Amino acid sequence: MAKTRPFKDKMLSRAPAGYWMTQDMKATPQKFVDPEDALQSVIDGLNVPENRDKTKAYIYAGIPVSTIAETIAITGYAENQFNPDVAEIIKPAVNLILTDIAVEDDFMGPFRLAPQPTYQEDIDEVELENTMMNLMEEENPQLAKLMQMKQDEDEQEELKVREEEIVKRQQKANSPAPTGGFITRDEESV
């Protein structure tokens with residue numbers, strides 16, 4: 001005889017764990033799901049004279065075009081205008097639009113398309129040294145040869161110091177470990 005009892009295991013009748021964390025019933029859908037519509041919305045916003053002037057000011061102040069495009073994409077997502085995928089899709093087009101804004105009015109001044117790398121100073125210093133060395137080789141080859149010899153000597157000395165450090169580390173690693181354990185005799189008596 002089978003007992004007829006109500007289904008007590010509610011596991012199959014409720015949402016899986018974590019469902020409500022990803023699906024909010026109160027959430028509203030994004031305003032634009034088509035990248036073309038989202039891009040047209042950004043263009044319309046940039047065509048407002050006040051916004052266009054602010055954008056030009058940011059570009060001329062030195063903020064990279066790609067950074068401004070990234071900011072527009074993140075802001076659009078944060079304001080629920082479009083989803084992250086649409087934001088990523090429209091970024092290259094927004095970069096082009098911002099570049100067009102930068103060069104309109106026959107502006108011939110410099111502006112940055114991408115952020116400068118953090119190690120740019122090191123790159124500039126190496127380029128300056130190479131340029132000076134090439135110029136010195138053309139104008140004063142004897143001095144250039146002496147400078148090159150000095151650089152080679154410095155590099156050899158640096159290599160020798162590094163090799164000595166490596167040998168010391170290897171000797172220390174290969175030396176036998178103390179057999180007394182990690183507690184010394186003085187600590188045992190305490």
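The values are calculated or read from the model by the stated rules, or taken from the named source; none is laboratory data. The shown structure was predicted, so the numbers you read here are calculated from the model rather than taken from an experiment. Because the Cβ atoms are built from the backbone with ideal geometry, glycine has one as well, and the counts that use them run over all protein chains shown. Surface areas here come from the heavy atoms of the whole protein model, side chains and all, with no ligands, DNA or RNA. Shrake-Rupley method; radii C 1.70, N 1.55, O 1.52, S 1.80 Å.
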>> For segment 65-73, check the following and say yes or no: at least one residue is of a type outside the set (Gly, Ala, Ser), more than 21 Å from the chain's Cα centre (by Cα) and surrounded by 13 or more Cβ atoms within 10 Å (Cβ to Cβ).
In response: no
Pairs returned, first residue in segment 76-89 that is within 8 Å of GLN30 (Cβ to Cβ), second residue that is outside any helix (DSSP H, G or I) and open to solvent by 100 Å² or more (accessible area, probe 1.4 Å), beta-carbon separation under 6 angstrom, 6 or more apart or interchain, are GLN81/LYS31
Does PHE107 fit the bill of being surrounded by 14 or more Cβ atoms within 10 Å (Cβ to Cβ) and either over 20 Å from the mean Cα position of the chain (by Cα) or more than 20 Å from VAL33 (Cα to Cα) (or both)?
no
Practice prompt. Using the structure shown, decide if LEU128 is without any contact (Cβ under 8 Å) to a residue 60 or more places away in the chain and surrounded by 11 or more Cβ atoms within 10 Å (Cβ to Cβ).
Written response: no
Of the conditions (1) open to solvent by 60 Å² or more (accessible area, probe 1.4 Å); (2) in contact with an Asp or Glu (Cβ under 9 Å, 6 or more places away or on another chain); (3) not aromatic (Phe, Trp, Tyr), the single one that ASP37 does not satisfy is (2)
Of the residues in segment 43-64, those that are among the small types (Gly, Ala, Ser), under 19 Å from PRO115 (Cα atoms) and either open to solvent by less than 60 Å² (accessible area, probe 1.4 Å) or not in a helix (DSSP H, G or I) (or both) come to ALA57, GLY62
